[in-house]
Amino acid sequence: LIPALGYLMPVLILKKRNCRTLRKHKESDLIRDCIEYLRFSGYIPIRVNSGLVVLRDGSRTRVVRLAEKGTPDIVACGPDGRFIAIECKNGSSKLTEHQKVFLDKIKKNNGIAVVINCLDDLIEVVNYRYGGKIPGNRKAS
């Protein structure tokens, strides 16, 4: 274990992992690993939960939308100030139409928008953050 930003982080997260072994893990585990890796790499990550919350107070009911439809799982600011949006997908799950549109908007505004299936995909993007073609900036399909 190594100290990183006030907590202990396993060294394993710094090593490349095989995507095939991660496909059986939960998407929430992938999101957690990505956030830890981004923090360790100097990014400021934010976990975004979208959807609706129903609040009831006696006879009053209020519905609150947490984020716009299609918002990615993680948004982050890189050490160079660049905006990155990360949508984590596990196994055979596909992007929704709202997610495709949202990621395309980010790309059009010169942000980095990626869909990842494992931590290796994110590591590849982070390693190319200073110039050059972003390998993970794939067209949403």
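The values are calculated or read from the model by the stated rules, or taken from the named source; none is laboratory data. Note that the coordinates shown come from a computational prediction; the quantities given were computed from them, not determined experimentally. Cβ placement follows ideal geometry from the backbone for every residue including glycine, while neighbour counts extend to all protein chains displayed. Ligands, DNA and RNA are excluded from the accessible area calculation, which covers all protein heavy atoms including side chains. Shrake-Rupley method; radii C 1.70, N 1.55, O 1.52, S 1.80 Å.
Within region 50-73, the set of residues being in a strand (DSSP E or B) and on the phi > 0 side of the Ramachandran plot comprises just one member, G51.
Residue by residue through region 111-128, note down the ones that are touching a residue at least 12 places away in the same chain (Cβ under 8 Å) and part of a loop (DSSP other than H, G, I, E, B).
G111, N117, C118, listed by residue number.
A residue that is part of a helix (DSSP H, G or I), open to solvent by less than 70 Å² (accessible area, probe 1.4 Å) and modelled with pLDDT of 85 or more can be found somewhere in region 92-100. Evaluation of S59 against the conditions (1) at pLDDT 85 or above; (2) over 17 Å from V126 (Cα atoms); (3) under 18 Å from the mean Cα position of the chain (by Cα) shows that the sole unmet condition is (3). Scanning region 101-110 for residues that are part of a helix (DSSP H, G or I) and open to solvent by 30 Å² or more (accessible area, probe 1.4 Å) yields V101, F102, D104, K105, K107, K108. Across region 10-17, not a single residue is classified as open to solvent by less than 100 Å² (accessible area, probe 1.4 Å), modelled with pLDDT under 90, in a strand (DSSP E or B) and more than 27 Å from T71 (Cα to Cα). Taking the stated definitions as given, is D33 open to solvent by less than 80 Å² (accessible area, probe 1.4 Å), touching a helix residue (DSSP H, G or I) at 6+ places or on another chain (Cβ under 7 Å) and not aliphatic (A, V, I, L, M)? When the stated conditions are applied, D33 passes them. Looking only at residues of region 75-91 that are of a type in the set (D, E, K, R) and under 13 Å from Y43 (Cα atoms), we find that the one that is least open to solvent (accessible area, probe 1.4 Å) is D80.
Please work out if D80 is under 19 Å from E124 (Cα atoms) and within 12 Å of the chain's Cα centre (by Cα). So D80 does not fit the description; no. The residue pairs whose first member lies in region 24-49 and is among the charged types (D, E, K, R) and part of a helix (DSSP H, G or I), whose second member is at pLDDT 95 or above and surrounded by fewer than 17 Cβ atoms within 10 Å (Cβ to Cβ), and whose beta carbons are closer than 9 Å, counting only pairs six or more residues apart or on different chains, are R32/R47.
Determine whether I123 is crowded, with 17+ Cβ neighbours inside 10 Å, in contact with a helix residue (DSSP H, G or I) (Cβ under 8 Å, 6 or more places away or on another chain) and at pLDDT below 90. Spelling it out, I123 is indeed crowded, with 17+ Cβ neighbours inside 10 Å, in contact with a helix residue (DSSP H, G or I) (Cβ under 8 Å, 6 or more places away or on another chain) and at pLDDT below 90.
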